[in-house]
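Participant: Mind looking over this structure? Questions follow.
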Amino acid sequence: MRKYRHGQKQELAEDLNVWPSFTDLMANAFMIISLFLLLALFKSLFLKSAFEESESNLSESEQQIQLLQEQLATLESNLGESTDIVRQLKQGSSRLQLLLERNKRLLRQSNSRVNLLETQIQQSNSQVNILESEVERLKSAPPVVIIQDSGEYQFSSGSAELPAGLESYITEDLVKRIEEISQTRNLYVVEIIGHTDGQVNVNSNSNLDRQLEAVANGDRAISSLSAGSNADLGLMRALEVVKKLQEMQQKGRLQGVQFRAYSAAQLLLPSGEFSTVSREPDAGRRRIEIRFSPLGKAETIR
């Protein structure tokens, strides 16, 4: 056993008296641990509060998200409806465009038809005006009196001497008719046109070139003329009728009426068409036509 001296023992006791320091250390450690526990408690409370607040915020966020999802679904539904509406509007716009193009095409066709109808109407109006003018002309135009050389009015073949029946018709009926026409339609020039058939006149001793004026002036009789052609014969027959009408003027009839004598020979048929070659006797072609022309001032075409 180790032995110490008193001084050394006292010194060793002093060295071994560490309890107060340990107590202080433990107190400090307890205080530190308490502080850490307190901090941990505060932190736990803070975290719990934060967690609860976060949970509350999360719940609100979830509600907002759900609300947003509902709004988004509503918007998607509305968008779908809007898309359908837009599609329908596009389809309607396309149809309207097609209808517009069709209406434009129909309008162009209608305008073309209207222009065509206007042109046709103008042409029809022109034709109507022409027809109206022709009707008025025909209404105002004097008639054509045709004396057929047949029956009691027939000339002897190759002769211009008036038969008794034709002379009576001229003095009794024709004069009266000419007067009626002249009075109702003002004064006219009466044209006497002689026609013949196609028989060939073989007489080569025509004297119309020498004596026609003398017969027309009354210095010679029609019987003094010798026809050398059908043209001569037609003119002689027309002139014979004119001479008889002039005799009636000298008796006070047919005042103011002028007469002209012409020949058409065998050229024209009673229908007005040109005749074909026919040398057979044809009483229907031997005729006298009387035409009425209004008096007017002659115009010279240069």
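The values are calculated or read from the model by the stated rules, or taken from the named source; none is laboratory data. Keep in mind it's a predicted model, so treat the numbers as computed, not measured. Every residue, glycine as well, gets a Cβ built from its backbone with ideal geometry; the counts of neighbours run over all protein chains shown.
Participant: Any chance you could count how many residues in segment 253-274 are modelled with pLDDT of 90 or more and of a type outside the set (Ser, Thr, Tyr)?
Facilitator: Qualifying residue count, segment 253-274: 4.
Participant: Is it the case that some residue within segment 210-229 is surrounded by fewer than 18 Cβ atoms within 10 Å (Cβ to Cβ), of a type in the set (Asp, Glu) and assigned to a helix (DSSP H, G or I)?
Facilitator: Within segment 210-229, one or more residues are surrounded by fewer than 18 Cβ atoms within 10 Å (Cβ to Cβ), of a type in the set (Asp, Glu) and assigned to a helix (DSSP H, G or I).
Participant: Can you go through 150, 168, 204, 157 and tell me which one is surrounded by fewer than 16 Cβ atoms within 10 Å (Cβ to Cβ) and at pLDDT 85 or above?
Facilitator: Just one listed residue meets the conditions, 168.
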